[in-house]
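The values are calculated or read from the model by the stated rules, or taken from the named source; none is laboratory data. All of these numbers come straight from a predicted model, not from anything done at the bench. Heads up, the Cβs are rebuilt from the backbone with ideal geometry, glycines too, and the neighbour counts pull from every protein chain shown.
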Amino acid sequence: MDAKGDTDAELLREARDLAPVLHTLGRVLRLRGTTEAGLPTLPPAELDVLRQVLDSPGTGVGVLAQALGMHASNVSTTVRGLVAQGLVRREPDPADRRAVRLFPTMAAVQGMALIEGQWARLFADGLAALSPAERAALSGAAPALRSLAGELRAGAPSRAG
């Protein structure tokens, strides 16, 4: 096998080790964050849509669907639920009165701050149980994980052959 084949196989092994762990971490945060912040549990799709609306206020359903890799009809249904809960508000798009722009409500901003605060406490509790070397490794990995998330969000093509 050539050097590229060795590299591809090694990357695949690393990805197989890392991906399930990151998925589990995300799931734990989603499940425990809202509950332990004292808020009603939001299904993963609602939490994803709400996070995107908080990050990009004024976005439309189509843009949200594309950013999240969801069908527009599913995003519309999810948005209706978030509107009913008082977490998102709709405003007509001034450029196209048939379209709506989505904005987080103050309840969403405050709720997400509570959830993210709880996420930090969950992580802090977990980190406290680790060795100093493990904590340093995780802290040092944050920039690389941020870059990886950006690559995956951008839809970087698979390099595995």
**Prompt:** Before we move on, is LEU54 over 12 Å from the mean Cα position of the chain (by Cα), assigned to a helix (DSSP H, G or I) and at pLDDT 90 or above?
**Reply:** no
**Request:** Could you please give the count of residues in the range 57-78 that are in contact with a Phe, Trp or Tyr (Cβ under 8 Å, 6 or more places away or on another chain) and part of a helix (DSSP H, G or I)?
**Result:** 0
**Request:** With respect to GLY150, determine if the residue is exposed (fewer than 11 other Cβ atoms within 10 Å of the Cβ), out of contact with any Lys or Arg (no Cβ under 9 Å at 6 or more places or on another chain) and modelled with pLDDT under 90.
**Result:** yes
**Prompt:** When the residues of the range 20-51 are filtered to those that are surrounded by fewer than 16 Cβ atoms within 10 Å (Cβ to Cβ) and not in a helix (DSSP H, G or I), which remaining residue is nearest to the chain's Cα centre (by Cα)?
**Reply:** PRO43
**Message:** For the condition closer than 28 Å to LEU138 by Cβ and surrounded by 11 or more Cβ atoms within 10 Å (Cβ to Cβ), what is the one hit in ALA67, ALA108, ALA72?
**Reply:** ALA67
**Prompt:** Can you find even one residue in the range 82-93 that is part of a helix (DSSP H, G or I) and either over 16 Å from VAL109 (Cα atoms) or out of contact with any strand residue (DSSP E or B) (no Cβ under 9 Å at 6 or more places or on another chain) (or both)?
**Reply:** yes
**Asked** What number of residues in the range 86-120 are within 21 Å of LEU29 (Cα to Cα) and either over 18 Å from the mean Cα position of the chain (by Cα) or β-branched (Val, Ile, Thr) (or both)?
**Response** 3
**Prompt:** In the range 94-116, which residues are without any contact (Cβ under 8 Å) to a residue 40 or more places away in the chain, part of a strand (DSSP E or B) and of a type in the set (A, V, I, L, M, F, W, C)?
**Reply:** ALA99
**Prompt:** Out of all the residues in the range 117-147, which are out of contact with any Lys or Arg (no Cβ under 7 Å at 6 or more places or on another chain), surrounded by 10 or more Cβ atoms within 10 Å (Cβ to Cβ), of a type in the set (A, V, I, L, M) and not in a loop (DSSP other than H, G, I, E, B)?
**Reply:** ALA120, ALA136, ALA137, LEU138, ALA141, LEU145
**Message:** Could you go through the range 2-19 and let me know if any residue there is modelled with pLDDT under 90, surrounded by 14 or more Cβ atoms within 10 Å (Cβ to Cβ) and not in a helix (DSSP H, G or I).
**Reply:** no
